[in-house]
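J.: Input: one structure, supplied below.
A short reminder: the numbers here are calculations on the coordinates, not readings from a lab. Just so we're clear, the structure is a prediction, and the values are computed from it rather than from any experiment. Heads up, the Cβs are rebuilt from the backbone with ideal geometry, glycines too, and the neighbour counts pull from every protein chain shown.
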Amino acid sequence: MQRFSMKRVYFLNNLQVRDTNRNRILNFLYSNDRATKQNIAEALRLSMPTVSLILKDFEKRGLVTKSGTLKSSGGRKPMTNSLDYGARLSCGIEITQKHLRFVIIDLGENVLYYKRTRQFFRSEDTYFQTLADNLTEFLNESHVDPNKLLGIGIAVPGLVNPASDILEYSPTLHVKNLPIDSMKKYLPYPVQVDNEANLAGFAEIWKMDETKNAVYLSINKGVGGAIITNNQLYSGANGHSGEFGHMTIVRDGLPCSCGKKGCFEAYCSTKVLTEPNFDDIEGFFDALETENQHCRQKWETYLDYLSTGINNIRIIFDSDIIIGGEISQYIQKYSDVLVNKLRLINSFGGAPDYLHFSRFNDKASAIGAALLHINSFLNS
Ligand SMILES: [Zn+2]
């Protein structure tokens, strides 16, 4: 049941989601491959005819297949049922300042295809035309059956207002009040758009049955996050929750992209590491590996501020913290240093075992975007 509960709140405004027996059976098959009708009926306390009816419908939709038979203790051998993850697919796109990331995932959140292309963002019609062309190319290269594709999800680094369907504000893309319709215009599929950090947090937590509360801290050129309580995304009154990048960590400190001073983002954006010497984060970490003195100093200071921010978040939420975004695949190697810094400033003692790193690294937002359609489908 937990697997889809987060989405129920996530979409509460756009979709009437009901807790049906169909969802319960799907969830059961997620964790119990090759289950018989009897297994399902007993575990979920449903009648055999109800289970039969629902399984038949799933089979008709290509969601469930008969996967074999079990030994019989007499009489007919019971058939086993399995989910067919590849029955439906979804595509996610992440828009960043300089790149586009594309993924295709199946119903089990497995990444089947991935591509990253260099494409500078422009708030112009031609950009969205190019995006559609890039998508067509990606789908052709992936040889995906278009009939299996549920839709396109788009992750953007900014505040998306679902009520007015507007990208209200994105400092990294330098746009304000961009209608979502202008993004969808050239895409011949159902399209859903949301904030990159929320979607990345959604992707990270979707299959983690044990984790109910977590904070996802997204570190890219912009710094953001998502707050998950009881497997549900907490959006706040205005959808602005988890904007950790703009909490003040140094009063009257460095200027931030939001126009204020001393924000966490001004100290822990990946731009702090890359500018002005490196094109991208990979370049910085390559130099750091070679014991470049300037980079080492920069990294040390960076980790000091990062640990301050993480410690603040931990004090407020007392939950697991997952570090994601483009930094995550590089920072894991230095986790000992970071953990040590956290240990020194930890107000309540004990080892900072609450710290985790993203499973999907820089693909998380695109995966989360694709997941929107998978989740809607599984709940319909
Ligand atoms: Zn700021």
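J.: Rounding to the nearest 20 debye, state how big the charge dipole of the chain is about its Cα centre with +1 on each Lys and Arg Cβ and -1 on each Asp and Glu Cβ.
T.: Dipole size: approximately 1540 debye.
J.: Under 17 Å Cα-Cα from residue 221, which aspartates and glutamates qualify once same-chain neighbours fewer than 8 residues away are excluded?
T.: List returned: 94, 196, 243, 265, 275, 279, 280, 282, 326, 362.
J.: Pick from 262, 350, 245: which residue has the top mean-square fluctuation in a GNM of the chain where Cα pairs under 10 Å get a spring?
T.: 350
J.: Taking 0.36 nm per residue of sequence separation and subtracting the Cα-Cα distance, how much length would be gained by fully extending the chain between residue 165 and residue 300, in nm to one decimal?
T.: Residue separation times 0.36 nm, minus the Cα-Cα distance, leaves 44.5 nm.
J.: Restricting to the chain, compute how many DSSP beta bridges are antiparallel as a %, nearest 5.
T.: That works out to approximately 70 percent antiparallel.
J.: Using a Förster distance of 25 Å, how high is the FRET efficiency between residue 21 and residue 67, based on the Cβ-Cβ distance and rounded to 0.05?
T.: Computed FRET efficiency for residue 21 and residue 67: 0.75.
J.: Continuing with the same structure: Go through region 243-282 and name the trypsin sites (Lys or Arg not before Pro) that are in a DSSP coil and have 16 or fewer other Cβ atoms within 10 Å of their Cβ.
T.: Answer in residue order: 251, 260.
J.: Here's another thing I want to ask about it. Return P(r) of region 209-361 (all Cα-Cα pairs; 5 Å bins starting at 0; whole %; ordered from short to long distances).
T.: Bin by bin from 0 Å, the calculated values are 2, 9, 18, 23, 21, 16, 8, 3, 1, 0.
J.: For residue 126, project a label point 7 Å along Cα to C-beta. Then give me every residue of region 178-195 with its amide nitrogen under 18 Å of that point.
T.: Flagged as within label range: 183, 186.
J.: Next up: Per DSSP H run of at least 4 residues, take -39500 (n - 2.57); add these up for the chain, divide by its residues and hand me the 222 nm value, nearest 500 deg cm²/dmol.
T.: -11500 deg cm²/dmol
J.: List 247, 48 from most exposed to least, where exposure is judged by having the fewest other Cβ atoms within 10 Å.
T.: 48, 247
J.: Turning to a different aspect of this structure: Over the Cα atoms of region 297-380, how large are the radius of gyration and the largest Cα-Cα distance (Dmax), in Å?
T.: Rg and Dmax of region 297-380, Cα atoms, are 15.6, 53 Å.
J.: Quick one: if you stick a label point 7 Å off each Cα along the C-beta vector at residue 229 and residue 133, how many nm between them?
T.: Label at residue 229, label at residue 133, 4.8 nm between them.
J.: Hey, with R₀ at 22 Å, roughly what FRET efficiency would residue 291 and residue 332 work out to, going by the Cβ-Cβ distance, to 0.05?
T.: The pair residue 291/residue 332 has a calculated efficiency of 0.70.
J.: Measure off 7 Å from each Cα along the Cα-to-Cβ vector at residue 111 and residue 318, then give the distance between these two points in nanometres to one decimal.
T.: Output for this residue pair reads 3.5 nm.
J.: Which residue fluctuates most in the GNM of the chain (Cα springs below 10 Å): 135, 150, 288?
T.: 288
J.: If you wrap a convex hull around the C-alpha atoms of region 109-205 and split its volume per residue, what is the figure in Å³?
T.: Per residue, the Cα convex hull of region 109-205 comes to 115 Å³.
J.: Equivalent ellipsoid semi-axes for the chain, as square roots of 5 times the alpha carbon gyration tensor eigenvalues: give them largest first, rounded to whole Å.
T.: They are 39, 25, 19 Å, listed from largest to smallest.
J.: Order these peptides, 351-358, 136-143, by their mean beta-carbon neighbour count within 10 angstrom, highest first.
T.: 351-358, 136-143
J.: With the contact rule set at Cα under 8 Å and sequence spacing of 6 or more, what percent relative contact order holds for the chain?
T.: Value for the chain: 18 percent.
J.: Under 5 Å between amide H atoms, partner at least 5 residues away or on a different chain: which partners does residue 166 have, H built in plane at 1.01 Å?
T.: Residues meeting the amide H criterion: 161, 180.
J.: Okay, moving on. Full-extension gain between residue 344 and residue 76, please, as 0.36 nm times their residue separation minus the C-alpha to C-alpha distance.
T.: Taking residue 344 through residue 76 to full extension adds about 90.0 nm, to one decimal.
J.: Running a GNM on the chain with Cα contacts under 10 Å, which residue among 108, 222, 236 ends up with the highest mean-square fluctuation?
T.: In this elastic network of the chain, the residue with the biggest mean-square fluctuation among 108, 222, 236 is 236.
J.: Which lysines does residue 185 reach when only Cα atoms under 23 Å apart count, and residues fewer than 8 places away in its own chain are ignored?
T.: Excluding near neighbours in sequence, the set is 98, 115, 148, 176.
J.: Taking the number of other C-beta atoms within 10 Å as the exposure measure, put 218, 376 in order starting with the fewest.
T.: Ranking 218, 376 by Cβ neighbours within 10 Å, fewest first, gives 376, 218.
J.: Taking 23 Å as the cut-off for C-alpha to C-alpha distance, list the pairs among 207/271; 66/363; 271/298 that go past it.
T.: Over 23 Å apart, Cα to Cα: 207/271; 66/363.
J.: Also: Would you list 246, 373, 174 from fewest to most Cβ contacts within 10 Å?
T.: 174, 246, 373
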